[in-house]
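The values are calculated or read from the model by the stated rules, or taken from the named source; none is laboratory data. Everything quoted here is computed from the prediction, not taken from an experiment. Every residue, glycine as well, gets a Cβ built from its backbone with ideal geometry; the counts of neighbours run over all protein chains shown. Accessible surface areas use protein heavy atoms only, side chains included; no ligands, DNA or RNA. Shrake-Rupley method; radii C 1.70, N 1.55, O 1.52, S 1.80 Å.
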Amino acid sequence: MKAVIMAGGFGTRLRPLSTNIPKPMVPMANIPMLEHIVELLKSHGFNEMIMMLYYQPESITSHFGDGSKFGVKIEYLKPDSDLGTAGCVKFTEDKLRERFLVISGDVLTDFDITAALEYHRQKNAVATLVLTRVENPLAYGVVITSPDGKIERFLEKPSWGEVFSDTINTGIYVLEPSVFDYIPAGKNFDFSKDLYPAILADDKGLYGYIATGYWKDIGNLDEYRLGHYDILEGKVKVKLRGSAVRRKDAEIFTGENVKIVSDAEIESGVVIGSGVVIESGAKISRSVIGDNVTIKSGASVSGSIIWSGSTVGEGARLKESVVGYNVLIGNKAVIQVGTVISDETNIGDGATIRAGVKIWPHKTVESGSTLSTSLIWSDKWNKALFGTWGIAGLANIEITPEFATKVGAAYGAYLGKGAYVITSRDAHPACRMIKRTMISGLLSAGVRVGDLQTAPMPVFRYEIGKEGEAGGIHVKMSPKDPRIMDIKFFDANGDDISIQQEKAIEQMFLREDFKRAHPDEIDEVVVPPRAAEYYRTGYLKTINKDVIRAGKMKVVIDYAYSTAALIFPGIFGKLGVEVIALNSYIDPQKVTISFAERRKYLEQLSDIVTTLDADVGFMIDNGAERVYIVDEKGKIIPNETAQILTALLAMKTYKKGAIAVPVNSSCVIDELAASHGFEVLRTPTLPKNMMRYAHRPDVVFVGNTIGGYIFPEFQCAFDALYSIGKILEMMSALGVRLNRLAREIPTFEILHERVPCPWDKKGAVMRKAIEHAKDKRHELIDGVKIYLSKTDWILMLPDAEESYFHLWAETRGVKSSGKLIEEYSNKIKEWRQDYKVGRG
């Protein structure tokens, strides 16, 4: 029998403890919560498990591997989009042909799973919910069962007025494969909200088994600490590492190689990890001490949880607090009740941390200081305020109005009083909120603001510099994750600000002593009246309208609910093109779409292109920086192929010049360029780095492999709107259609894979990759690219945001791309083999 473990939790309410690891990997008594679940399942006969991952999956896969070291077999699955709880399990349907169990990976429990399975069998149930009784059911799904165990009613997370039972749903389910008949594939579908009401309505056998034993949802920091106390008091049966020993009159649990000085005082109910050093006169009670922790002489630790690698200084006092990995608590520091100190923080000698304070990772509290408020968001950015995509963070959690106001003030102070900055956003309400607070920060620095309100990114970029703007800010939701917000900054030319400018703004932000304007110097907010006109005029002046009109093309455009619908129809009306527009209105709820949703929209576009016998179809992404293409036969053109086709159109149109493409692009481009007399410039993969090449006078086209194209004749930035017009112009001028043009492209295949690699090993892996490449033809433009022949290559590139290496491979020789990917994936694993994972 198989078990499906839901292990995708963020652990937002456990922050700052879960800042650097997913919630299931947060340790309980020095062992990750998820490992406790694996041991529980193993003890009840489960030897095959499927873990559903989402947030920081590499932390989990690296710790558990294939499960063999835990005596089980583990598979991992990660859906491409948020499918809901039941939809996520539907994703595993082909692996679950028999009765199976679903359980959360971030609870603490010792339930008798075998008894629940037997209950399910006896009832001949389709689905059995494992239930328990709690004092406060508000945060859970409340359930009422009949005397025979059938579920009669349930309500997810009720108010007190809706609480009709103290019996709750624990999120542990025994299910038959027939439940998959109720769950649609590829759609968001929830167990409690969707699946169980449907089964209940059909009266197909929905039962509730009220379990005895211990169960706790480690849903917040208080529950986390209380869960440890329950472990120490024996209220829950969990496996602990090490062995029980008696020391003086106390019974404690210790790991290996523990050094305890004889006069240290340790009371019963203490768990001590391996490699711990406890010095003279230290006092420890009702606490869990992680591996390789040092408790120095005279220190007192009471009711606290200390994670691995931390040090408690001489005479320091901790009471009912939680300390993360590799924290240094100075001599005679005082850590009061309810304090949470996250990873790699330094608390200076004699510092006092007041009750209830939470400190995010990588902070420093100076010696002798008293901290009475939490060090949270301002220092969340201690390493770097700016990332790959500007400033990015969880909307209204990390990027809050307070935070945005401060960023706006820092940017305004950097530009100086009297500067003029324009702002814009996408259609999402959260972006409107953050943009407005950033405007407040800018005004506080004496900056004049022009607010374009909602605008496509290319239109916004094109406006900058037309009326003396010193820069710009655009706020948008991430196209990859609906929870993440991106704040992008632009210079006076509409380009992304440089790294030097980022650092200067970051220094302003972190110093917090930047100048504010005098009340009489507060400037105004205006609405630039001609931004759309500037863009429209420049567009129509640059594009060859007569050639496009002569082409008499029929085009289908899916605006995908984007802000492009505000301006592009007016431009297209001047080009003499017959246009069929889809989704040409703004929908704030469609700002971010999943891969599955995009695929669905493209399939609809394909059907319409075919049905209407159109010449081409385009789909614009929400930021209007990328475009996806369907040819005249209704074929959805892969982005890698679309890049090559657009480059080929440019070569045939411009006759001479250079094109710029990233290092992960196919060698087919080089072959085509050689036959057309063009130079190929290889660029780094990040869009902001690619845009620099557009400023070269000989470059006529820049294109990446994700639908982004630049035609520098108009502007040196990714612009889906101009790209569509230019593609139509080139097709008309050459008298070609894309499906026919594609026949000129040699067959090619590029494979891509991500290989987990811890942050602190990326440098070592890169070093070893470069050493490996020394005696081979290679490039170091972005990552390490090794050529095996003229057409065969492998690219190893560390991810800028996550703990991965990307591998791309293209081959036409004897060795397949898949074999090459496998070979170098193993090399990366070998090069990082000295890394030890599983700090819990």
Could you check the simple spin-label distance between Ser816 and Val579, using points 7 Å along Cα→Cβ, in nm with one decimal? 4.5
Ignoring any ligand, DNA or RNA, what whole percent of the accessible area of the chain comes from carbon and sulfur when the probe is 1.4 angstrom? 47
Quick one: which residues, 5+ away or cross-chain, put their amide H under 5 Å from the amide H of Gly657? H built at 1.01 Å from N. Glu679
Using a simple spin-label model with points 7 Å from Cα along the Cα→Cβ vector, what separation in nm is obtained for Arg530 and Glu830? 6.4
Where a Cα-Cα gap under 16 Å defines reach, which aspartates and glutamates qualify for Lys296, not counting those fewer than 8 residues away within the same chain? Asp263, Glu265, Glu279, Glu314, Asp349
Could you tell me which of Val238, Ile289, Ile305 has its Cα farthest along the dipole of segment 220-325 towards the positive end, charges placed at Cβ (Lys, Arg +1; Asp, Glu -1), taken about the Cα centre? Val238
Within segment 725-822, list the trypsin sites (Lys or Arg not before Pro) lying in a DSSP loop whose Cβ has at most 12 other Cβ atoms in a 10 Å radius. Lys774, Lys776, Lys790
At a Förster radius of 35 Å, what calculated FRET efficiency corresponds to the Cβ-Cβ distance of Val337 and His518, to the nearest 0.05? 0.20
Between Val277 and Arg99, what is 0.36 nm times their sequence separation minus the Cα-Cα distance? Round to one decimal in nm. 59.3 nm
So for segment 664-798, if I pair up every lysine 8 or more residues apart or on another chain, how many of those pairs have alpha-carbons under 30 Å apart? 22
Of Lys554/Lys652; Lys480/Lys600; Lys90/Lys187; Lys554/Lys600, which ones are farther than 18 Å apart at the Cα? Lys554/Lys652; Lys554/Lys600
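Can you compute the FRET efficiency between Arg740 and Asp546 using 1/(1 + (r/R0)^6), with r the Cβ-Cβ distance and R0 = 25 Å? Round to the nearest 0.05.
Approximately 0.60, to the nearest 0.05.
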Cut-off under 5 Å, modelled amide H: who pairs with Asp451 long-range: Thr423, Val526, Val527
Karplus couplings for segment 275-286 from phi (6.51 cos²θ - 1.76 cosθ + 1.60, θ = phi - 60°), rounded to Hz, Gly and Pro as x? x, 7, 10, 10, 8, 4, x, 5, 10, 9, 9, 6
Kirkwood Rh and Cα Rg combined as Rg over Rh, evaluated for segment 457-522: 1.04
Just tell me which lysines come within less than 24 Å, Cα to Cα, of Lys237; anything on the same chain fewer than 8 places away is out. Lys2, Lys23, Lys42, Lys69, Lys73, Lys216
So, with +1 on the Cβ of K and R and -1 on the Cβ of D and E, and no other charges, what is the size of the charge dipole of the chain about its Cα centre, to the nearest 20 debye? 1020
Relative contact order for segment 262-357, counting Cα pairs under 8 Å that sit 6 or more residues apart, in percent: 18
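Determine the gain in length on full extension of the stretch Ala733-Ser43; use 0.36 nm per residue of separation and subtract their C-alpha separation, reporting nm with one decimal.
Separation in residues times 0.36 nm, less the Cα-Cα distance, equals 241.3 nm.
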Gain upon complete extension [Lys259, Gln589; 0.36 nm per residue less C-alpha separation]: 113.0 nm
DSSP bridge pairs, the chain: antiparallel proportion in percent, nearest 5: 45
For Thr610 paired with Asn188, estimate the spin-label separation in nm (one decimal), with each label point 7 Å from Cα along the Cα-to-Cβ line. 3.0
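Over the chain, give the accessible area per residue in Å² for a 1.4 Å probe, as an integer.
40
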Determine the relative contact order of segment 1-133: mean sequence separation of Cα pairs under 8 Å and six or more apart, normalised by residue count, in whole percent. 33
Percent of all Cα-Cα pairs per 10 Å bin for segment 15-70, counting from 0 up to the last occupied bin, reads 22, 57, 20, 2
Residues whose placed amide H lies under 5 Å from that of Tyr209, excluding near-sequence neighbours: Leu129, Val130, Leu131
Which three extents, in whole angstrom, do the alpha-carbon atoms of the chain cover along their principal axes, largest first? 94, 69, 66
Normalised by the residues of segment 211-296, what does the relative contact order come to in percent, with Cα pairs under 8 Å and at least six apart? 21
Rounded to the nearest 20 debye, dipole of segment 655-764 from Cβ charges on Lys, Arg, Asp, Glu: 120
For the pair Thr388 and Glu597, what calculated FRET efficiency results from E = 1/(1 + (r/R0)^6), where r is the Cβ-Cβ distance and R0 = 30 Å, to the nearest 0.05? 0.80
